[in-house]
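What follows is calculated from the coordinates using simple rules that are stated; it is not laboratory data. A quick note: this is a predicted structure, and the numbers were derived from the prediction, not measured. As a convention, Cβ positions derive from the backbone with ideal geometry for all residues, glycine included, and neighbour counts pool all protein chains shown.
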Amino acid sequence: MTDLAPLVERVDAPSSLILPSSDLGLSWRPVTLADVAALTTLVHACQEADELHYRTSAEEMAESLAVPGLDLERDTLVGLDGEGVPRAWTAAYTFTGDETLVRAVHSGGVDPAWRRRGIGSALVSWTNGRARQLLAASDKAVPGRICVYLDEGEHTAATVFEGAGYTPIRYYTELKRPLDETIGSPATGDGLSIAPWPDDDDAVRLAHNEAFADHWGSQPQTPEGWASYRSMFAPQWSFVAIDEVTGQVAGYLEAAKYEHDWELSGYSSGYIHLLGVRRAWRGRGLAKALLAASMLAQRADGIEYAEIGVDTANPSGAHGLYTSLGFEPFRTETMYSIEL
């Protein structure tokens, strides 16, 4: 592999950022925490127009604005109409724990009634410039990536990003499985057991970092990053696999409960957010046992479906495992990126 110069030397970043033109009909300022309710309303309008099967809650929005690596004053922008109502917004954030790849991720959207006026393109341009500034602040001699994740319904956004030079690079599939069908046993081999999610889960974080070290694009989770995005966390459906001899975490499953989406989707569900097994304990059926434990716990709570996401190019065989257990695809997501 060719040696790379540090990102600070390699990334072409603008010295300053130019706000979208006032001719677009909006005034611009950074996002603040006081915008959570209004931004949630804006995001819901976008999700409804794009026919997405979920809605971002106010709790999730608040978490996204407090994520480590996001400076609201410098990394965000919201466009207000003449009455002060947010009609467009954007953010670019990095991850403080990135080691072998430094990532800058887009988020944001444009009110459906304000689309096709050039606002989306202007926001992508501004956010791309800010993302380049963030990457250029790193002295790491590793690849850089500017990316955005788009649901299959976000056709307008995909067109805007492709026009700005972003390329679809990775594809993800969401799968679901009815819980009224047969669920396998959560039993493990000798010397291993399935246990409830611990109150102090830093050992699980470290196990996750090891388990995902060989996954495409994955970077280590810091304690701060690990603790974020927990408003929907469902500890009652989350489990760890323990090596009874050493006491080490051999594997783990973290589940979430997006109850506010159930009316829209037409069924209750538990979402399996993370599932991993450390290399030394692979090939012993721990992933199946953890999935069974979580699905049985969900079913006992009256939940109708289990859901999980998978990288379609994941060489670990995860997709095959899930489909063998009765999971079927129902939605896709694509990562668009600029690789630097």
C-alpha long axis of helix 202-211 to longest principal axis of the chain, angle in °: 90
In segment 139-233, the chymotrypsin sites (Phe, Trp or Tyr not before Pro) that sit in a DSSP loop and have at most 13 other Cβ atoms within 10 Å of their own Cβ are Trp216
What aspartates and glutamates does Lys140 reach when the alpha-carbon gap must be under 18 Å and sequence neighbours fewer than 8 apart in one chain are set aside? Asp3, Glu9, Asp12, Asp98, Glu99, Glu339
Between Ala227, Ala255, Ala241, which gets the highest mean-square fluctuation from a Gaussian network model of the chain, Cα cutoff 10 Å? Ala227
If you find the alpha carbon centre of segment 51-112 and of segment 1-42, how far apart are they in angstrom? 10
Each residue of segment 97-112 in order: what ³J(HN,Hα) in whole Hz does its phi give by Karplus 6.51 cos²θ - 1.76 cosθ + 1.60, θ = phi - 60°, with x for Gly and Pro? x, 4, 10, 9, 7, 9, 10, 10, 10, 7, 8, x, x, 10, 3, x
What value, in deg cm²/dmol to 500, does the helix sum -39500 (n - 2.57) over DSSP H runs of n ≥ 4 give at 222 nm once divided by the residues of the chain? -8000 deg cm²/dmol
In the chain, once you exclude exposed trypsin sites (Lys or Arg not before Pro) (DSSP loop, at most 12 other Cβ within 10 angstrom), what's the longest stretch remaining? 1-115
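Mind running the shape call on segment 142-301? Use the C-alpha gyration tensor, a ≥ b ≥ c as the square roots of the eigenvalues: rounded below 1.5 for a/c, prolate if a/b tops b/c, oblate otherwise.
It comes out oblate by the Cα gyration axes.
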Rounded to whole Å, give me the distance from the Cα center of segment 121-135 to that of segment 201-269. 31
Cα shape, segment 202-259, gyration tensor, a/c 1.5 rule: oblate
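Hey, with R₀ at 22 Å, roughly what FRET efficiency would Glu48 and Tyr229 work out to, going by the Cβ-Cβ distance, to 0.05?
With a Förster radius of 22 Å, E is 0.45.
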According to the square roots a ≥ b ≥ c of the eigenvalues of the Cα gyration tensor, what is the shape class of segment 33-160, taking rounded for a/c under 1.5, prolate for a/b larger than b/c otherwise, and oblate for the remainder? prolate
Set of lysines with alpha-carbon distance to Lys288 below 26 Å, sequence-local pairs under 8 removed: Lys176, Lys257
